[in-house]
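Undergrad: Just dropping this structure here.
The values are calculated or read from the model by the stated rules, or taken from the named source; none is laboratory data. Quick caveat, the model's predicted, so the values are computed rather than measured. We place every Cβ from the backbone using ideal geometry, glycine too, and count neighbours over all the protein chains shown. Protein only, heavy atoms only, side chains kept; ligands, DNA and RNA dropped before computing areas. Shrake-Rupley method; radii C 1.70, N 1.55, O 1.52, S 1.80 Å.
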There are 4 protein chains.
Amino acid sequence: MPSSYYEEVKRPMSSASAPLDAAIVARVRTSFARQGAMATFGAELADVATGHVAIALPIEPRLSQQDGFLHAGVVVAALDSACGYAALTLMLDEAEVLTVELKVNLLAPASGESLVAEGEVVRAGRTLTVCRGDAYAEQGAERMHVATMLATMVRRRAG
Amino acid sequence: MPSSYYEEVKRPMSSASAPLDAAIVARVRTSFARQGAMATFGAELADVATGHVAIALPIEPRLSQQDGFLHAGVVVAALDSACGYAALTLMLDEAEVLTVELKVNLLAPASGESLVAEGEVVRAGRTLTVCRGDAYAEQGAERMHVATMLATMVRRRAG
Amino acid sequence: MPSSYYEEVKRPMSSASAPLDAAIVARVRTSFARQGAMATFGAELADVATGHVAIALPIEPRLSQQDGFLHAGVVVAALDSACGYAALTLMLDEAEVLTVELKVNLLAPASGESLVAEGEVVRAGRTLTVCRGDAYAEQGAERMHVATMLATMVRRRAG
Amino acid sequence: MPSSYYEEVKRPMSSASAPLDAAIVARVRTSFARQGAMATFGAELADVATGHVAIALPIEPRLSQQDGFLHAGVVVAALDSACGYAALTLMLDEAEVLTVELKVNLLAPASGESLVAEGEVVRAGRTLTVCRGDAYAEQGAERMHVATMLATMVRRRAG
């Protein structure tokens, strides 16, 4: 198979099975803490693993669209950050991640107590990383799949 | 040309040239006022015309990503609402608009004083409407194109 | 959870575990046989199951892009048909499926002997169905993931 | 405005107003001639200008979907090549263009005599170029807008 602009990496098997370097976790947490939007949304990093990051936020009227459901833009924000940080976990040296583009299908209105957005690396390369995201609205023990994303991230040298 | 799930409408020539029924403008403004997320973002309806809506919001640290630029999710939220309301202006009777899916390319980091998101109908149908959105970061007299969106909206009966 | 324009269906567990009504399989095969493009590409229906369809086609110079790899448009064509027919398997009465929109990330150049495009339903509704597709280039026992798609299909009454 | 992974270029005003270096036109034509898929589709380069390329192909039963309309994959193939070559016209040295991802909305079934796919650069950078494509079905003097695309291209060093 000829060389590509993507460099092969193994796709992470599961978030649980992948121990992660403490320095990388710290880098993700530091960057996340600097995202003003995440603080404004009340969002938290719920999981950081190799190639996988989960972000949770409360569903509140101040983040709603016109019918009281979570605004699509807030769902996208959580998915975008989850995907970006999932990409960052696979970058070994100092780097930053920017979103090139993203596409999301909204599968159901998001209501309930909280939204969990999970980002996962589909293909990581030296320059570009493709991620997939899935968002779930949670209410007690119920969990509904409300959105699915496909996104392209680019690595930018830090500094 | 055979019938399609899209019903032909003329594409709006420009926002300026299209006078709009007052009832439709009122419907857009009422719905917008119910979007908690737009209030939280400090967003305002900057323009409502036939098949075209503009939304403006201030670029502030509380809406940032890790480098201080406006978070992609906030850019998407503004574009999504602008596109949804642009679609709503072409629906004559009681209806609501939901986002089926959206895709956005981020062209440059958004910094400056404010973001203006413009949504425009590309093709309107009885059920589905395709919209295009473009977002600009403004600083004084400068205007930079920071994102472009392509989105599909669906009409849902109100109530 | 409030009603949505999507109607819940269970996501198919796996292609193997889902027996399918013979009439639906016949409907898919009849429609596929009418796709001139699939015949021109030498494509075949490799699998038809509930909510899942696979299409295979030979990788040949006459379908290449400039470097000899399979043209992205041909990869998309196979994924699009696989997704459309996956959606059709979940429609019980006479219906046709049209593609509203699709988004694909190309993960690696497609070379080798054949391409297998798999389409799967993510969410099926009365009007709209969201599908995911993945394409693999195969060479002997090797299989490479070359593309991933997210697409929206709409049901149109037949006739 | 801080540096970005995109490098600013002026957006081409129109295809007519932009004379193009003969070497670049030759590079596009040579590459196009090597696309086996374009030959198989009977496609031709209809226009090559700075940041803008048009490709035309006949609408024929051998390229159809099940209802006799042009297969979405063929529409996408033409748009993808048009966008890729539009990006190539803005690359001054030896380079190749690969498609990272594309998203297309199908606006109407494509029937008639021929399809014209136009690709245009929205933002060009050193590594990534964002393009927009629009496809039209033509029948005599009638022209119908049948698809719109948003795509990301990446530059790869030739050789």
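Undergrad: Ordered shortest first, which distances in nm separate the 7 Å Cα→C-beta label point of residue B:44 from those of the other copies?
TA: Relative to the other copies, residue B:44 has label-point distances of 3.7, 5.5, 6.6 nm.
Undergrad: Quick check: the angle from helix D:72-88's long axis to the longest principal axis of chain D, C-alpha only, nearest 10 degrees?
TA: Helix D:72-88 sits roughly 20 degrees off the main axis of chain D.
Undergrad: Relative contact order (percent) for chain C, with alpha-carbon contacts under 8 angstrom and 6 or more residues of separation?
TA: So the answer I get is 24 percent.
Undergrad: OK, next. Considering only protein heavy atoms and a probe of 1.4 Å, how much of the accessible area of the range A:13-159 is carbon and sulfur, as a whole percent?
TA: The nonpolar share, carbon plus sulfur, comes to 52 percent.
Undergrad: Further, regarding this structure: What does the structure give for A:105-117 when I average, per residue, the other chain Cβ atoms found within 10 Å of the residue Cβ?
TA: Mean inter-chain Cβ contacts per residue within 10 Å come to 5.
Undergrad: Dipole of chain B, Cα-centred, from +1 at each Lys and Arg C-beta and -1 at each Asp and Glu C-beta, to the nearest 20 debye?
TA: Computed charge dipole of chain B: roughly 480 debye.
Undergrad: Quick one: grab Rg to one decimal and Dmax as a whole number for the range B:57-159, Cα atoms only, in Å.
TA: When restricted to the Cα atoms of the range B:57-159, Rg and Dmax are 14.5, 44 Å.
Undergrad: Follow-up. By how many degrees, 0 to 90 and rounded to 10, does the Cα axis of helix B:22-33 deviate from the longest principal axis of chain B?
TA: 40 degrees
Undergrad: While we're here: Summing -39500 (n - 2.57) over the DSSP H runs of n ≥ 4 in chain C and dividing by its residue number, what mean residue ellipticity at 222 nm do you reach, to the nearest 500 deg cm²/dmol?
TA: Per the formula, -6500 deg cm²/dmol.
Undergrad: Also, I was wondering about something else. Take peptide C:57-68, look around each residue's Cβ out to 10 angstrom, count Cβ atoms belonging to other protein chains, and average those counts.
TA: 6
Undergrad: Report the calculated FRET efficiency for residue A:145 and residue D:94 (r = Cβ-Cβ distance, R0 = 35 Å), to the nearest 0.05.
TA: For residue A:145 and residue D:94, the calculated efficiency is 0.15.
Undergrad: Non-local amide H neighbours of residue A:64 (under 5 Å, H modeled in plane, Pro and chain starts lacking H): which ones?
TA: Amide H to amide H, under 5 Å and 5 or more residues apart or across chains, residue A:64 pairs with A:71, B:36, B:37.
Undergrad: Between A and D, buried accessible area summed over both sides at probe 1.4 Å, in Å² to the nearest 100?
TA: Chain pair A/D: roughly 900 Å² of buried accessible area.
Undergrad: Still on this model: In nm, one decimal, shortest first: how far is the label point of residue D:68 (7 Å from Cα along Cα to beta carbon) from the matching points in the other copies?
TA: 4.1, 5.1, 6.3
Undergrad: Sticking with this structure for a sec: Once a ≥ b ≥ c are taken as the square roots of the eigenvalues of the Cα gyration tensor of the protein assembly as shown, is the result rounded (a/c under 1.5), prolate (a/b larger than b/c) or oblate (a/b not larger than b/c)?
TA: rounded
Undergrad: How big is the gap, in Å, between the Cα center of the range B:40-102 and the Cα center of the range A:83-133?
TA: 22 Å
Undergrad: OK, next. Looking at the range A:100-159, which GluC sites (Glu not before Pro) are in a loop (DSSP not H, G, I, E or B) and have at most 13 other Cβ atoms within 10 Å?
TA: A:113
Undergrad: Follow-up. For chain A, with every protein chain kept in place, what is the accessible area per residue (1.4 Å probe, Å²)?
TA: 36 Å²
Undergrad: Using a label point 7 angstrom from Cα along Cα-to-C-beta, what distances in nm, from shortest up, separate residue D:25 from the other copies?
TA: 5.0, 5.7, 6.1
Undergrad: Only Lys, Arg, Asp and Glu count, each charged at its Cβ (+1, +1, -1, -1), so figure out the dipole size of the range C:28-84 about its Cα centre, rounded to 20 debye.
TA: The dipole of the range C:28-84 has a size of about 200 debye.
Undergrad: In debye, nearest 20: dipole of the range D:99-154 around its Cα centre with unit charges on the Cβ of K, R (+) and D, E (-)?
TA: Once rounded to the nearest 20, the dipole reads 360 debye.
Undergrad: Just counting partner chain Cβ atoms within 10 Å, what average do the residues of peptide B:23-32 show around their Cβ?
TA: For this peptide, the per-residue mean of nearby foreign Cβ atoms is 1.
Undergrad: Also, quick follow-up: Output the lone cysteines of the protein assembly as shown: those with no second cysteine's C-beta under 4.7 Å from their C-beta.
TA: None; all cysteines have another Cys Cβ under 4.7 Å.
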